[in-house]
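Remarks on the structure that follows.
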Amino acid sequence: MAVTIITGAGSGIGAATARELARRGDSVVCADVRLDTAETTAGELPEALAMEVDVTSAASCSRMVEETLRRFGDVNSIVTCAGVEKHGPGHEFAEEDFDWIIAVNLKGSWLSARSAVRAMIDAGHGGTVVMIGSINSVVGNPGASAYCASKGGVLMLGRTLALDWAQFGVRVNIVGPGVVDTPMSAKSLADPQRRARMMERTPLGRPAPPGEIASVIAFLTSDASSFMTGAYVPVDGGSLAAW
Ligand SMILES: NC(=O)c1ccc[n+]([C@@H]2O[C@H](COP(=O)([O-])OP(=O)(O)OC[C@H]3O[C@@H](n4cnc5c(N)ncnc54)[C@H](O)[C@@H]3O)[C@@H](O)[C@H]2O)c1
C-alpha cells in the first residue's frame with residue numbers, strides 16, 4: 001500500500017487530497033501546523049496519521065518523515081499543500097510578511113520534499129512529489145508580489161528538483177490551481193466585486209471545489225502519470241488560456 005504525506009492537510013486542497021488518496025487506498029499522513037485541523041482530516045479516514053508539522057523548520061520536516069517511517073514503514077509520495085497568502089501593495093508590504101510567505105510557500109516546499117525524498121533514496125525506490133504552485137506561478141496579481149514570487153519560485157524549484165531526482169526514480173510535478181473554494185480564498189470570493197473579477201478570468205465561470213484539484217494530484221501520484229516529471233499542470237478552469 002502506498003504511503004503519502006500531505007502537508008497543509010488540515011484544510012482546503014490538502015484535506016481534499018487526503019480524502020481522495022485515502023479513498024484509493026493510500027496510507028495518509030496529514031501534516032499541518034495546526035494539529036487540531038490535521039486531526040479532524042485524519043479522523044475521517046481509515047488509515048491516517050495526524051501530525052503537527054511546521055514546514056518552515058527542517059527539524060520539523062525530518063521528524064514528520066521519521067514518524068511516518070515508524071508508523072507505516074515507508075514513504076512513496078509527498079504532496080506539499082501547506083501555503084499562506086497575504087495581500088498588500090509592494091511598497092507598503094512588511095518585510096516579516098514577505099519572509100513568512102517565502103518561508104512557508106517556497107522554502108517549506110523544498111524542506112518537506114527533501115525530507116521525504118531522502119527517505120525514498122535511502123529505501124532504494126522511487127516515488128512522487130507534487131508541489132502546489134498556482135496560476136500565479138506564471139502570471140502576476142496586483143497586491144500579491146510576495147505570493148506570486150513564492151509561487152513562481154515553486155515552479156522553478158519543482159522543475160529543478162525533477163532534474164536532480166530523476167536518477168532516483170523520483171518524479172516531481174507542479175500543479176497550478178486557479179480559483180479554488182477554500183478558506184484561503186473565502187474572503188476574496190465573499191466580496192462580490194473581487195469574485196466577479198476572478199470569475200472574469202475563469203472561462204468555466206466558477207471556482208473549483210478542492211476535490212477537482214485533488215483528483216489531478218491523485219493522477220500525478222499514480223503510475224498513470226509515470227512518464228511525467230518536471231511538468232507544470234494548470235488546473236484553472238481555463239484561466240491561463242484567457243489571460
Ligand atoms: N485556494 C485557492 O484559490 C488557491 C489557488 C492557487 C493555489 N493555491 C495553493 O494551494 C495550497 C493550499 O491552499 P488552500 O487554498 O487549501 O489553503 P488553506 O488555507 O485552506 O490551507 C492551507 C493549509 O496550510 C497550513 N499551513 C500554513 N502554514 C503552514 C506551515 N508553516 N506548516 C504546515 N502547514 C501550514 C494551514 O494551517 C492550512 O491548513 C496553497 O499553497 C495555496 O497557495 C490555492
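What follows draws every value from the coordinates through simple rules; no lab data is involved. Computed from a prediction, not measured in an experiment: that's the story for all the values here. Here the Cβ is made from the backbone with ideal geometry for all residues, glycine too, and neighbour counts use every protein chain on show.
Below are the figures for this structure:
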item: Within straight-line cross-link reach of K187, lysines at Cα separation under 25 Å, skipping those fewer than 8 residues along the same chain; result: K86, K151
item: Relative contact order (%) - criterion: Cα under 8 Å, at least six apart; region: the stretch 78-163; result: 40
item: Highest average packing first - 181-189, 84-92, 25-33, Cβ atoms within 10 Å; result: 25-33, 181-189, 84-92
item: Length-normalised contact order for the stretch 157-221 - Cα pairs under 8 Å, 6+ apart - percent; result: 30
item: Relative contact order, percent, the stretch 1-120 [alpha-carbon distance under 8 Å, six or more residues apart]; result: 27
item: Estimated dipole of the chain in Debye, rounded to 20 [Cβ of Lys and Arg +1, of Asp and Glu -1, Cα centre]; result: 520
item: Once the Cα gyration tensor of the stretch 117-204 is diagonalised, semi-axes √(5λ) in Å; result: 33, 13, 10
item: Computed Kirkwood radius, in angstrom, where 1/r is averaged over Cα pairs of the chain; result: 17.7
item: For the chain, calculated [θ]222 nm from helices alone, where every DSSP H run of n ≥ 4 adds -39500 (n - 2.57); result: -13500 deg cm²/dmol
item: Kyte-Doolittle mean at least 0.0 and Cα axial length at least 24 Å: DSSP H helices in the chain; result: 145-165
item: Residues S150, S145 arranged by fewest to most Cβ contacts within 10 Å; result: S145, S150
item: Options G127, A208, V55, ranked by Cα towards positive dipole end of the chain, top entry (Cβ charges); result: A208
item: Interatomic Cα distance distribution for the stretch 21-127, bins of 10 angstrom, percent; result: 14, 42, 29, 11, 3
item: Convex hull volume per residue for the stretch 1-42, taking Cα atoms only, in Å³; result: 47
